[in-house]
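Notes follow the structure.
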Amino acid sequence: MATASVAFKSREDHRKQIELEEARKAGLAPAEVDEDGKEINPHIPQYMSSAPWYLNAERPSLKHQRKWKSDPNYTKSWYDRGAKTFQADKYRKGACENCGAMTHTAKTCMERPRRTGAKWTNKHIAPDEKIETFELDYDGKRDRWNGYDASTYARVIERYEARDEARKKFLKEQQLKKLEKSNKNGEDAVSDEDEEEDDLRVDEAKVDESKQMDFAKVEKRVRTTGGGSTGTVRNLRIREDTAKYLLNLDVNSAHYDPKTRSMREDPLPDADPNEKFYEGDNQYRNSGQALEFKELNIHAWEAFDKGQDVHMQAAPSQAELLYKNFKVMKEKLKSQTKDTILEKYGNASDENKLPRELLLGQSERHVEYDRAGRIIKGQEAALPKSKYEEDIYINNHTTVWGSWWKDHQWGYKCCKQTIRNSYCTGAAGIEAAEASSDLMKANIARKEAAEEDLKPVEEKKLATWGTDIPDDLVLDEKLLAEALKKEDQRKREEKDERKRKYNVRWDDEVTAEDMEAYRMKKVHHDDPMKDFMH
């Protein structure tokens, strides 16, 4: 509702206002009227219908939603097509060289190119066109029907009417001709006449096809505030058919889904199948082309899972062609398997009988038996053969690879070699290998005996500075005191570079006293008493 003021209202006034709005929305109360006397749609939201406070609207209105700033320069008019302004008698300077009009040049001339232009002939000067410029607004620039002349559609109507008149005239002429033929031929042509009349009726039905297509139209009035409008609703169900849910009114019968309008099961399972016209939606899903389409979908899914780039919705033609090729290959493979089995085992249902000698087991093969019935000669036991090559000896070997096993290694038994594809050395190779093995064992035993006879080496104690401590090492007390002083001075110089002298003398001779002083002054970081030293 388009309210004008935002003044305070009591609870009772607010309740009455809400009831009035609900009545207007339901169509029980008249719609609100604006300043111009036009009805305001009660379904417009309040944020759209409420006018801003700064407009000071006294009455309800939708004027604030309309374009109230209109530019007078904008226009809705269009070009005057084909209008002429002035036609000259002779050529003028600057005019079109082809037709002689001043409003365009020879490059943009729309007239047929003349052999000799109007500039040189000075004849048949074309009139000047009417040049107009319009400043259109936003909607005018995008209006598809701007400048359209509705009177031009009368030509289309006239053309269709003329076609209908010609068709009716032709049908009348055909009927007159058939009547004349029937009067001449008599009763013999009655049957032919009936057939031709049927054809004419079909033609007439085609003429009135638009009128006969209205059997399924339902005119429905849509209630609106402005007086209502009519809309056409197509009804796709024939009214003579009985609805699915009315076939069996039993509560425990087949379930009917009103949202999808589906009933999967048969509503009348005990009725005569010859009298039923509906047996449930499952009947259509499991028969005819629906079943083929279902199999096609399943094949597309399985093919996609196995790596085939096929999709039923994206490329249906490709999926259908792939399914046809699959069925052809499946039938071909099935027939090939059947032929292979028949060729191997034979066909018991075949009319061709086997030869008598095969049935009784007779042959020309000579076999000898002893008194106990055992075969002596003629049928030796056949050894089974594998797919690998057997009993093939290479490189002068007399046995195959793998006939010898020693120390987790395979080899040849003839020469006891564990290197594959090696040349056979025979018995000489076996003797050389044994001699080499005996020699290696003797060397290992000699080495172990020599290691046992070695004397234990005395461990030498290292000096503090990393050398062996001689037995007669004697440290001089005075030299050791001087070395300790030098070590203290060196550490002070390391802490403070300013106490370092300019001329530094370097001495790389280290005595035992110097090393002992360094050891005594050295701080051991892993010593727990290092913080209490010095």
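The values are calculated or read from the model by the stated rules, or taken from the named source; none is laboratory data. Being a predicted model, the structure only gives us computed values, none of them experimental. Cβ sites come from the backbone with ideal geometry, for glycine too, and all protein chains shown count toward neighbours. To get the accessible areas, we keep the full protein, side chains included, count just its heavy atoms, and leave off ligands, DNA and RNA. Shrake-Rupley method; radii C 1.70, N 1.55, O 1.52, S 1.80 Å.
Observations
- Cα gyration tensor shape for region 240-288, rounded if a/c is under 1.5, else prolate or oblate: rounded
- Length-normalised contact order of region 90-152 in % [C-alpha pairs under 8 Å, at least 6 apart]: 28 percent
- The residue list Pro127, Ile44, Pro30 was ranked by how far each Cα lies along the charge dipole of region 1-141 toward its positive end, using unit charges on Cβ atoms, and Pro127 comes out on top.
- With K and R counted +1 and D and E -1, the other residues having a Cβ less than 14 Å from that of Arg285 yield a net charge of -4.
- Separation in nanometres of the label points that stand 7 Å from Cα toward Cβ, at Lys491 and Thr85: 11.5 nm
- Around Trp78: net Lys/Arg minus Asp/Glu count, Cβ-Cβ under 11 Å: -2
- Solvent-accessible area of Met102 with every protein chain in place, 1.4 Å probe, in Å² to the nearest 10: 80 Å²
- Accessible-area order (highest first, 1.4 angstrom probe) of the listed residues Tyr369, Tyr388: Tyr388, Tyr369
- Note on region 417-448 and region 76-145: Cα centroid distance 117 Å, given to the nearest whole angstrom.
- Ranked by solvent-accessible area (1.4 Å probe, protein heavy atoms only, all chains present), the residues Tyr245, Tyr138 order from largest to smallest as Tyr138, Tyr245.
- Sites Gln175 and Ala154, calculated FRET efficiency, Cβ-Cβ separation with R0 45 Å, nearest 0.05: 0.90
- For trypsin sites (Lys or Arg not before Pro), the sites in region 263-315 that DSSP calls loop and that have at most 15 other Cβ atoms within 10 Å are Arg264, Lys276, Lys306.
- Dipole magnitude of region 115-163, debye to nearest 20 (Cβ charges: Lys/Arg +1, Asp/Glu -1, about Cα centre): 520 debye
- Between Ser335 and Tyr388, the contour length at 0.36 nm per residue exceeds the Cα-Cα span by 15.9 nm.
- For Pro113, net neighbour charge (Lys/Arg +1, Asp/Glu -1) across residues whose Cβ lies under 12 Å away: +2
- At R0 = 41 Å, FRET efficiency that the Cβ-Cβ distance of Thr133 and Ala166 yields, to 0.05: 0.30
- FRET efficiency estimate (nearest 0.05) - Cβ-Cβ, Asn297 to Asp272, R0 41 angstrom: 0.75
- Unsatisfied cross-links (Cα-Cα over 22 Å) in the set Lys294/Lys324; Lys38/Lys67; Lys107/Lys141; Lys9/Lys63: Lys107/Lys141; Lys9/Lys63
- Using C-alpha pairs under 8 Å with a sequence gap of at least 6, the mean separation divided by the residue count of region 1-149 gives a relative contact order of 21 percent.
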